[in-house]
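Chemist: Dumping the structure here so I can ask a few things about it.
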Number of protein chains: 2
Amino acid sequence: MAASGSRSLLVAANRGPVSISAGAAGREEVRRGGGGLVSGMVSALSEVGGLWVCAALNDRERAAARRAPDGHLAEAGYDTGGLDVRMLPLDPSTFARAYNGIANSTIWFIQHLLYDSANTPVFDAGWRRLWAAYERYNRTFADALAAEAAPGAKVMVQDYHLNLVPRQLREQRDDLHIAHFTHTPWAPPEQFGMLPTAVAREILTGLLGADHVGFHSRRWSEAFLRCCGRFLDADVDLAAGTVRWDGRTVRTGVHPLGTAADEIRAKAHDEDAEAGLAHLREVIGDRKVISRVDRTELSKNIVRGLLAYRELLRFRPEWRGQVVHVAYAYPSRTDIPEYREYTASVQRAGREIEQEFGTDDWDPVLLDVANDYPGSLAALRLADVLLVNPVRDGMNLVAEEGVVLSEHDCAVVLSREAGIADQYGQDALLVNPYDVTETAEALHAALSMPAAERQERWKRLLSAATALPPADWFRQQLDALDT
Amino acid sequence: MAASGSRSLLVAANRGPVSISAGAAGREEVRRGGGGLVSGMVSALSEVGGLWVCAALNDRERAAARRAPDGHLAEAGYDTGGLDVRMLPLDPSTFARAYNGIANSTIWFIQHLLYDSANTPVFDAGWRRLWAAYERYNRTFADALAAEAAPGAKVMVQDYHLNLVPRQLREQRDDLHIAHFTHTPWAPPEQFGMLPTAVAREILTGLLGADHVGFHSRRWSEAFLRCCGRFLDADVDLAAGTVRWDGRTVRTGVHPLGTAADEIRAKAHDEDAEAGLAHLREVIGDRKVISRVDRTELSKNIVRGLLAYRELLRFRPEWRGQVVHVAYAYPSRTDIPEYREYTASVQRAGREIEQEFGTDDWDPVLLDVANDYPGSLAALRLADVLLVNPVRDGMNLVAEEGVVLSEHDCAVVLSREAGIADQYGQDALLVNPYDVTETAEALHAALSMPAAERQERWKRLLSAATALPPADWFRQQLDALDT
């Protein structure tokens with residue numbers, strides 16, 4: 001067992017609660033925060049003097065992490081809001097290979113079923129060099145956690161970037177209580193088995209180093225358990241949600257992350273968002289609004305959403321001139337060719353709708369592919385209908401934020417393949433994300449829904465969206481480590 | 001119940017045992033046969049004076065089918081070898097939509113997991129017109145079968161083109177004994193559920209109109225049963241292989257089609273094949289031969305096979321100059337853009353290997369993308385190693401024919417995702433088709449295998465390949481209808 005440190009609670013995540021970048025005139029810009037999930041974990045850590053371990057994501061962060069004693073940013077004078085943050089200065093090539101080459105490509109694509117199997121993936125010698133970098137990247141986290149954790153500490157490992165950490169850590173520190181949470185879906189065995197056999201086993205046994213393995217949906221935890229049965233021949237109890245492996249019983253848990261309503265409401269009413277709202281109101285007038293907000297991500301299904309809107313206008317002509325589709329699709333992973341091509345497809349689909357239906361006084365689509373966060377919050381406030389139709393999604397927080405922010409008791413047209421579909425159920429209008437016609441009909445039903453029914457549904461949706469805010473979500477998992 | 005006909009045994013298949021095309025100088029050319037499967041069914045039909053119902057596939061066939069009384073070709077003077085063949089003159093647009101638009105696109109892609117889910121499929125209003133054509137095409141078969149079948153007759157419906165026929169037929173003729181056989185894999189529920197909900201149910205209930213639903217592999221029959229459980233909420237008994245549905249119990253059966261050894265051996269020793277063999281021997285000399293023969297089909301994984309061969313030459317340099325990869329990839333579905341692009345990728349991969357390793361006296365790859373059937377049989381006779389690495393395959397008859405024809409006790413590098421992997425098991429070298437490195441290592445192991453081990457394995461492979469030749473395969477299913 002390695003020498004132990006002094007921290008009783010640790011979070012490990014690729015991204016830290018503090019980001020450092022080059023600001024104006026070469027000055028270093030330090031930002032805290034970013035989202036309810038981070039705030040939820042930060043507040044729990046701060047209570048007990050915990051530690052957040054993260055990777056340096058760019059050159060500035062690497063320089064800062066190297067300058068700081070053992071990477072502890074606060075000790076180098078960075079304002080971390082009182083939180084102890086240890087940033088790991090991985091070498092840029094290892095980081096890029098692990099982050100882009102494996103986590104955001106292979107693992108993301110496997111878990112979201114995005115591969116075009118006739119052509120991708122290709123697991124060759126070059127890919128194996130990327131995988132070796134992912135192992136090193138995980139090992140760097142595990143080593144830092146092993147050095148910092150007090151005897152019997154709780155270590156909360158976040159997401160698909162760090163699938164190998166639980167086992168790597170347990171091998172050094174069997175005294176720790178380790179949890180892992182996957183924010184993506186989990187692939188069924190048929191897709192997970194596309195991975196090289198040794199790698200599939202390495203990911204599964206990596207997670208099984210934890211005591212508790214968490215997911216947003218029972219569908220994902222069951223898929224994980226089925227993979228353990230198939231590829232490890234482990235003793236799996238689907239009903240109990242447990243796996244026997246390597247002499248230990250590992251529990252899975254379902255913790256559907258909700259939204260921090262007050263925090264998102266505050267942001268949606270700041271000056272920038274109000275300005276965005278005023279602008280949108282002027283353009284849209286008193287027409288109905290179908291809103292969507294997504295990263296331009298292959299799994300988000302923005303093109304089929306636009307095609308569904310086109311079918312709505314084609315086959316339900318009564319809506320022409322009466323509705324505007326506000327689609328915020330902010331840039332994502334623009335260094336990956338498939339993502340650039342996808343953005344082009346989104347723009348093309350938007351243009352085609354303009355050309356087919358646009359008139360002098362009506363723009364049927366307001367498509368924004370820039371990064372306009374306040375504008376996107378304004379779009380959610382204006383929504384009569386919220387469209388969330390991913391081909392597959394771990395949870396989908398926009399589906400929650402949109403319900404919280406809508407000032408029109410919005411109806412939600414929701415892909416059944418999103419984790420949040422478990423919570424929303426029939427209060428949303430559930431659709432098959434590949435079925436453009438069904439989605440178009442659901443948009444029609446949502447636009448046509450009597451106000452009273454819409455309000456009833458919306459109230460229940462709101463209650464579901466806010467049932468497990470981030471701080472409670474995190475607390476649940478801490479408690480799960482005690483039992 | 002419709003009026004009944006006089007046939008006690010009927011086969012329904014998209015393609016008939018007779019084909020009619022425009023020959024030289026505009027003369028009509030009539031050809032019989034094509035493969036052991038057809039011969040097997042024809043001989044069983046001929047014994048009892050049965051009927052084969054098929055679609056007219058081109059203008060010539062449509063004209064012939066219209067000319068013949070009720071489409072019975074023999075009555076119009078066509079030489080059907082004594083077999084009664086009824087050819088259905090579907091209108092060209094219905095046929096093209098059903099065959100290309102649904103069967104070979106949607107259903108083939110779903111069952112082989114070929115969709116690139118971020119972009120395809122798109123189930124929109126246009127797609128629904130294709131689906132309506134598929135329903136009409138199936139209905140035309142069902143009506144013809146209902147009119148021709150004697151009371152209590154057996155009707156053997158073939159493959160994914162005719163998924164709706166069993167139910168459409170049972171609704172007219174509840175007295176019949178109906179079997180359906182699927183020659184493709186079956187998709188797990190996660191993928192099958194990409195289909196519009198009503199269509200997924202229509203396909204499943206279509207097949208459940210049969211008494212017996214057959215597959216090549218238990219993996220496919222189980223996937224079918226799981227789909228019935230998921231999408232129909234039917235009462236499924238996985239162990240017994242049965243489904244209760246609509247007041248009836250439908251049985252599934254696993255009938256792994258073998259090859260007709262004598263028939264394929266005879267073809268591989270005809271004059272054209274001998275000429276092909278002589279030519280290949282001259283080019284290859286006494287080098288080792290890795291052979292593959294496939295349609296250029298997205299599921300056949302030819303590109304990754306070439307990439308594996310490239311890794312073999314890169315990382316096992318002892319094979320440079322010592323081995324030739326003979327790859328016959330004959331054209332397929334060249335009217336579909338994805339298939340043309342795939343052919344280009346195959347050619348590009350072949351060229352890259354030539355450029356990296358070719359020398360003045362050694363061509364590392366002999367890639368033939370023309371349609372040279374005798375040459376492909378010669379390639380199988382020459383094989384020291386047979387490479388069959390589909391991403392997914394109902395059975396794979398080349399894996400069987402290659403073993404029968406090899407004159408060198410060939411070793412088989414086989415994708416575990418092919419149905420035949422159930423029969424071959426560890427006597428083949430099983431690989432993950434996405435894992436190029438593992439495939440390269442399996443090629444190395446196959447080339448390096450001691451002769452005695454190779455012969456032992458080959459004998460068992462041969463016995464597996466010929467265990468259930470087509471006539472027995474068909475008889476098994478007829479018998480299954482009696483129990």
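Chemist: Since A:Thr259 meets every condition but one in (1) in contact with a helix residue (DSSP H, G or I) (Cβ under 6 Å, 6 or more places away or on another chain); (2) of a type in the set (Ser, Thr, Tyr); (3) within 14 Å of chain B (Cβ to nearest Cβ), which condition does it not meet?
Modeler: If we test A:Thr259 against (1) in contact with a helix residue (DSSP H, G or I) (Cβ under 6 Å, 6 or more places away or on another chain); (2) of a type in the set (Ser, Thr, Tyr); (3) within 14 Å of chain B (Cβ to nearest Cβ), just (3) comes out false.
Chemist: Right, another one. Filter segment A:360-393 down to residues that are among the small types (Gly, Ala, Ser) and out of contact with any Phe, Trp or Tyr (no Cβ under 6 Å at 6 or more places or on another chain) and give me whichever is surrounded by the fewest Cβ atoms within 10 Å (Cβ to Cβ).
Modeler: Among those residues, the one meeting the criterion is A:Ala370.
Chemist: Condition first: surrounded by fewer than 17 Cβ atoms within 10 Å (Cβ to Cβ) and assigned to a loop (DSSP other than H, G, I, E, B). Now tell me which residues in segment B:226-240 satisfy that.
Modeler: B:Asp233, B:Leu238, B:Ala239, B:Ala240
Chemist: In segment B:11-49, which residue that is in contact (Cβ under 8 Å) with a residue 60 or more places away in the chain and of a type in the set (S, T, N, Q) is least open to solvent (accessible area, probe 1.4 Å)?
Modeler: Within segment B:11-49, the match that is least open to solvent (accessible area, probe 1.4 Å) is B:Asn14.
Chemist: So which residues in segment A:2-35 are in contact with a helix residue (DSSP H, G or I) (Cβ under 7 Å, 6 or more places away or on another chain) and farther than 23 Å from A:Tyr99 by Cα, if there are any at all?
Modeler: Result: A:Ala2, A:Gly5, A:Arg7, A:Ser8, A:Leu9, A:Glu28.
Chemist: Let me ask something additional. Which residue, of A:Val243, A:Val250, A:Val199, is within 14 Å of another protein chain (Cβ to nearest Cβ) and hydrophobic (A, V, I, L, M, F, W, C)?
Modeler: On the way: A:Val243 fails: within 14 Å of another protein chain (Cβ to nearest Cβ); A:Val250 fails: within 14 Å of another protein chain (Cβ to nearest Cβ).
A:Val199 is the lone residue from the list that is within 14 Å of another protein chain (Cβ to nearest Cβ) and hydrophobic (A, V, I, L, M, F, W, C).
Chemist: While we're here: Looking at (1) in contact with a strand residue (DSSP E or B) (Cβ under 9 Å, 6 or more places away or on another chain); (2) away from chain A (no Cβ under 14 Å); (3) open to solvent by 40 Å² or more (accessible area, probe 1.4 Å), which is the one condition that is false for B:Asp472?
Modeler: Going through the list (1) in contact with a strand residue (DSSP E or B) (Cβ under 9 Å, 6 or more places away or on another chain); (2) away from chain A (no Cβ under 14 Å); (3) open to solvent by 40 Å² or more (accessible area, probe 1.4 Å), B:Asp472 breaks only (1).
Chemist: Any idea which residue in segment A:50-80 is farthest from A:Ala13 (Cα to Cα), counting only those that are in a loop (DSSP other than H, G, I, E, B) and open to solvent by 40 Å² or more (accessible area, probe 1.4 Å)?
Modeler: Step by step, filter segment A:50-80, then rank; the result is A:Gly77.
Chemist: Of all the strands (runs of 3 or more DSSP E) wholly in segment B:276-376, which have at least 1 residues that are among the small types (Gly, Ala, Ser) and in contact (Cβ under 8 Å) with a residue 12 or more places away in the chain? Break it down stepwise before answering.
Modeler: Details: elements: B:288-295, B:323-330, B:365-368.
Where strands (runs of 3 or more DSSP E) fall fully within segment B:276-376 and carry at least 1 residues being among the small types (Gly, Ala, Ser) and in contact (Cβ under 8 Å) with a residue 12 or more places away in the chain, they are B:288-295, B:323-330.
Chemist: Any idea which residue in segment B:162-177 is farthest from B:Ile102 (Cα to Cα), counting only those that are in contact with a strand residue (DSSP E or B) (Cβ under 8 Å, 6 or more places away or on another chain) and in contact (Cβ under 8 Å) with a residue 60 or more places away in the chain?
Modeler: Of everything passing the filter in segment B:162-177, B:Asp175 is farthest from B:Ile102 (Cα to Cα).
Chemist: Here's a follow-up. Filter segment B:281-324 down to residues that are of a type in the set (A, V, I, L, M) and at the interface with chain A (Cβ under 9 Å from one of its Cβ atoms), then give me how many there are.
Modeler: Going through segment B:281-324 one residue at a time, the tally reaches 4.
Chemist: On the given criteria, is A:Asp84 charged (D, E, K, R) and more than 25 Å from the chain's Cα centre (by Cα)?
Modeler: no
Chemist: Let me ask something additional. Could you identify the single residue in A:Ala273, A:Ala260, A:Ala268 that is farther than 26 Å from A:Tyr342 by Cβ, buried (at least 20 other Cβ atoms within 10 Å of the Cβ), under 26 Å from the mean Cα position of the chain (by Cα) and at pLDDT below 95? Let's see the steps before the verdict.
Modeler: Values: A:Ala273 fails: at pLDDT below 95; A:Ala268 fails: at pLDDT below 95.
Only one candidate passes the filter, namely A:Ala260.
Chemist: Then there's this: Can you name the condition, by its number, that B:Asn396 falls short on among (1) polar (S, T, N, Q); (2) buried (at least 23 other Cβ atoms within 10 Å of the Cβ); (3) touching a residue at least 60 places away in the same chain (Cβ under 8 Å)?
Modeler: Condition (3) is where B:Asn396 drops out.
Chemist: Considering each of B:Thr359, B:Thr334 in turn, give the residue that is more than 14 Å from every other protein chain (Cβ to nearest Cβ), over 25 Å from B:Pro374 (Cα atoms) and either touching a Cys at 6+ places or on another chain (Cβ under 7 Å) or β-branched (Val, Ile, Thr) (or both).
Modeler: B:Thr359
The values are calculated or read from the model by the stated rules, or taken from the named source; none is laboratory data. Just so you know, these numbers come straight off a predicted model, no measurement behind them. Methodologically, a virtual Cβ is constructed for each residue, glycine included, from the backbone with ideal geometry; neighbour enumeration extends over all protein chains shown. Areas reflect the complete protein model, heavy atoms only, side chains present, ligands, DNA and RNA absent. Shrake-Rupley method; radii C 1.70, N 1.55, O 1.52, S 1.80 Å.
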